[in-house]
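Notes to accompany the following structure.
The values are calculated or read from the model by the stated rules, or taken from the named source; none is laboratory data. For clarity, every value in this text was computed on a predicted model and none was experimentally measured. Because the Cβ atoms are built from the backbone with ideal geometry, glycine has one as well, and the counts that use them run over all protein chains shown.
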Amino acid sequence: MKLAMIGFGQAGGKIVDRFLEHDDRTGSGIVRAAVAVNSAKADLMGLERIPEENRVLIGQAEVNGHGVGADNELGAEIAENNVDEIQHAVDSIPTHEVDAFLIVAGMGGGTGSGGAPVLADHLKRIYTIPVYGLGVLPGADEGGIYTLNAARSFQTFVRETDNLLVFDNDSWRQTGESVEGSYDQINGEIVRRLAILFGAGEIREGEDVAESVVDSSEIINTLAGGGVSTIGFASEDVELESGGLLSRFTGGDEGAGLDTAETTNRITSLVRKATLGRLTLPCEVDGTERALLVLAGPSSYLNRKGIERGRTWLEDETGSMEVRGGDYPRQEPEVDAVVLLSGVTNVPRIKRLQEVAIEAQDRIDDIEAEREQNLETLVADEADELEPLF
Ligand code: GDP
């Protein structure tokens, strides 16, 4: 499936940049076009792969290239005011060759948090292809304003996109890692999952044709209906050898002669691991509206029966009647299961985020209400003996 990706704000730009790096390295051809939008000039200059002509600096009149400083209302306003400039960059995308837009943003900051939902609204009015979002939730340790920004952006971004894929930094931050190092690693995890999901619908020349192909329409149908999505992932190494495949799956059998029952069992347990392990947004899988299962790896390790069993298990686990599945043959020394859970509703993490956001908002309101009084008390001398200059 071919995507036009728009990275909004710093996190958004960096993640799209990372996607391009993956595309260049693997030749997967998922990113048909990439655009970065930011109100901070320095962030745009820090990107490596997104072509310079596709980097759009917005808000020059308002903030002069310095960013919005985590003010997402200002981020939204600047996006509104500059939507024509963004559209100009989107105009250079051959949209007839694109299956969907993906707008990527960190929801805790300012530019992307405020701007991404504005852009989604705009693109949906103009184009008929779906507009998806990838929204990143901030870590809990980032503080009240980031949580409040994320909670407000989340509400808006879900409403304005055809589906919002969510990634929660909080459940992925590794203790002991520097913030930059940890983002680097997290961005790699995001791209790894999405590259398999969206790469599945993209048949490349020279690759095996899948036994039961996942095509773009299945991805689109799983995401259709909107709401919030999370992604599960599990991977197992297999060894690629010249002339054949040696596998830990089957204890060293040659690829061509893999034991079917063993392969089937391994696929089923990979699907379980992916679903019950760490999701991009932690949630209860029961109650998921639609799901898609993609099995990627050398074709001799993929079989229809395994995928069917995985699908049936997913139906039971999610209670969904709309579980699609298929394979994505590729010559990598691993077998991966990606599970897209679309339309999840039981997400305690979001409820907690909202509670903390409301506390932060109340606190901000209190401070605001007391500010004038406090300043007056500070500036005035007790007996009112001093006089201001003018
Ligand atoms: P903006 O430039 O004003 O849109 O704000 P940023 O994108 O810098 O930050 C928004 C939020 O995104 C932060 O609060 C972090 O939670 C998150 N963030 C920033 N950089 C990265 C990154 O490289 N990867 C990930 N996963 N999250 C990031």
Point to revise | Options Leu47, Leu20, Leu102; residue that is assigned to a loop (DSSP other than H, G, I, E, B), within 25 Å of Arg192 (Cα to Cα) and either under 20 Å from the mean Cα position of the chain (by Cα) or among the polar types (S, T, N, Q) (or both) | key: Leu47
Review point. Considering only the range 108-128, how many residues are surrounded by fewer than 19 Cβ atoms within 10 Å (Cβ to Cβ) and out of contact with any Ser or Thr (no Cβ under 7 Å at 6 or more places or on another chain)?
Key: 5
Practice item. Kindly indicate whether Val63 is aliphatic (A, V, I, L, M), within 12 Å of the ligand (Cβ to nearest atom) and either within 24 Å of Tyr127 (Cβ to Cβ) or free of Cβ contacts under 8 Å to residues at least 12 places away in the same chain (or both). Key: no
Check your understanding: Exactly one of (1) over 30 Å from Glu218 (Cβ atoms); (2) modelled with pLDDT of 95 or more; (3) surrounded by 11 or more Cβ atoms within 10 Å (Cβ to Cβ) is unmet by Ile364. Its number?
Key -> (2)
Exercise for review: Inspect the range 107-116 for any residue being more than 10 Å from the ligand (Cβ to nearest atom), in contact with a helix residue (DSSP H, G or I) (Cβ under 8 Å, 6 or more places away or on another chain) and modelled with pLDDT of 95 or more and give the result as yes or no.
Suggested key: no
**Study point:** Test: residue in the range 337-359 that is under 16 Å from Ser212 (Cβ atoms) and assigned to a loop (DSSP other than H, G, I, E, B)
**Key:** no
Point to revise | Selection count, the range 157-187, where residues are polar (S, T, N, Q), surrounded by 20 or more Cβ atoms within 10 Å (Cβ to Cβ) and out of contact with any strand residue (DSSP E or B) (no Cβ under 8 Å at 6 or more places or on another chain) | key: 1
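Residues checked against (1) under 19 Å from the mean Cα position of the chain (by Cα); (2) basic (Lys, Arg); (3) at pLDDT 95 or above:
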| residue | (1), (2), (3) |
| --- | --- |
| Glu262 | no, no, no |
| Pro282 | yes, no, yes |
| Ser299 | no, no, no |
| Gly310 | no, no, yes |
Exercise for review: Please indicate, with yes or no, whether at least one residue in the range 269-277 is in a loop (DSSP other than H, G, I, E, B) and at pLDDT 95 or above.
Suggested key: yes
**Study point:** Residue that is farthest from Asn38 (Cα to Cα), among those in the range 80-106 that are in contact with a Phe, Trp or Tyr (Cβ under 8 Å, 6 or more places away or on another chain) and within 16 Å of the ligand (Cβ to nearest atom)
**Key:** Leu102
Review point. Would you say Arg324 is over 20 Å from the mean Cα position of the chain (by Cα) and at pLDDT 95 or above?
Key: yes
Study note, to complete from the structure: Subset of the range 59-88, residues among the aliphatic types (A, V, I, L, M) and within 16 Å of Ile103 (Cα to Cα), comes to Ala76, Ala79, Val83, Ile86
